[in-house]
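The values are calculated or read from the model by the stated rules, or taken from the named source; none is laboratory data. Because the structure is predicted, anything quoted here is derived from the model rather than measured. No Cβ is skipped: glycine too gets one built from the backbone with ideal geometry, and neighbour counts run over all protein chains shown. Calculation scope for accessible area: heavy atoms of the full protein, side chains included, ligands and nucleic acids excluded. Shrake-Rupley method; radii C 1.70, N 1.55, O 1.52, S 1.80 Å.
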Amino acid sequence: MKPAEPTPQRGPTVGRGSRMRAAVLAATITELTETGYAALTVDAVAQRAGVHKTTIYRNWKTSDGLVADALAHHFATDIPIPDTGAVKDDLRALARALVATMTTSAGRALLTTALSDTARTPQLAEIKRALFEDRFRRAEPVVDRAVERGELPTDTDPGELLKALVAPIYFRLVFTGEPVDETTADRAVDVALAAAHAHALPTP
């Protein structure tokens, strides 16, 4: 008789609350990085996180919701919002942090997840939309503070300035494959600020 294959062992139990949530979100990111969105399963996330899959379903109704939450949490954690007192320094810190995150193996895998199959997978398109909306919402205070200090025109729309900031970076990452580094980040800051001061950005 052929011996039964060993059952995969679940990791240590992580309890409930914030500790459980952190473990599940971290496990989701690892699964996305190693296997990709299409192959991700709640069973695999649960095993890696050390929780029962019913725990995940109680807190996240769908796997898409779990992925969206994990991506938003990951990017919010990896790209903290600066407050240096000068808008150029704040934007430079944001842009450089974005470059540093997206050029890691995990960052590239997560970008692929956020952008893949959007035409055929409406849920994934919604994840991408929610992810970028959350990212811009978290960074808006950088622009608002700059307007209050008089560093930017009063009609500067935070979302439009932030889009102008990240556009050159994502264009290289997604379309051209050109090198992306701190110089890329710093030039993106100069372009975004020049557009704001020239009132070239769409206004609210």
Filter segment 115-139 for residues that are touching a Leu at 6+ places or on another chain (Cβ under 8 Å) and open to solvent by less than 30 Å² (accessible area, probe 1.4 Å); which is modelled with the highest pLDDT? ALA139
Any chance GLU126 is of a type in the set (D, E, K, R) and touching an Asp or Glu at 6+ places or on another chain (Cβ under 8 Å): yes
When residues of segment 152-200 are filtered for being open to solvent by 30 Å² or more (accessible area, probe 1.4 Å), farther than 20 Å from THR112 by Cα, touching a helix residue (DSSP H, G or I) at 6+ places or on another chain (Cβ under 7 Å) and among the hydrophobic types (A, V, I, L, M, F, W, C), how many remain? 1
Can you tell me which residues in segment 53-86 are in a loop (DSSP other than H, G, I, E, B), open to solvent by 60 Å² or more (accessible area, probe 1.4 Å), over 20 Å from GLU133 (Cβ atoms) and in contact (Cβ under 8 Å) with a residue 24 or more places away in the chain? ASP83
Candidates LEU201, LEU162 - the one that is of a type outside the set (Ser, Thr, Tyr), part of a helix (DSSP H, G or I), in contact (Cβ under 8 Å) with a residue 24 or more places away in the chain and out of contact with any Gly (no Cβ under 6 Å at 6 or more places or on another chain): LEU162
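Restricting attention to segment 176-195, report how many residues are touching a residue at least 24 places away in the same chain (Cβ under 8 Å) and not in a helix (DSSP H, G or I).
Keep residues of segment 176-195 that are touching a residue at least 24 places away in the same chain (Cβ under 8 Å), which gives 180-182, 184-186, 188-189, 191-193, 195.
Okay, now just the ones that are also not in a helix (DSSP H, G or I), so 180-181.
Number satisfying all stated conditions: 2.
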So PRO153 clears everything in (1) assigned to a helix (DSSP H, G or I); (2) in contact (Cβ under 8 Å) with a residue 12 or more places away in the chain except one condition, right? Which one? (1)
If you go through segment 121-142, how many residues are in contact with a Phe, Trp or Tyr (Cβ under 9 Å, 6 or more places away or on another chain) and among the charged types (D, E, K, R)? 3
Is one or more of the residues making up segment 21-37 open to solvent by 20 Å² or more (accessible area, probe 1.4 Å), part of a loop (DSSP other than H, G, I, E, B) and of a type in the set (Lys, Arg)? no
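Could you please let me know if ASP89 is open to solvent by 50 Å² or more (accessible area, probe 1.4 Å), within 23 Å of HIS197 (Cα to Cα) and not in a loop (DSSP other than H, G, I, E, B)? Break it down stepwise before answering.
Details: open to solvent by 50 Å² or more (accessible area, probe 1.4 Å): yes; within 23 Å of HIS197 (Cα to Cα): yes; not in a loop (DSSP other than H, G, I, E, B): yes.
For ASP89, the condition - open to solvent by 50 Å² or more (accessible area, probe 1.4 Å), within 23 Å of HIS197 (Cα to Cα) and not in a loop (DSSP other than H, G, I, E, B) - is met.
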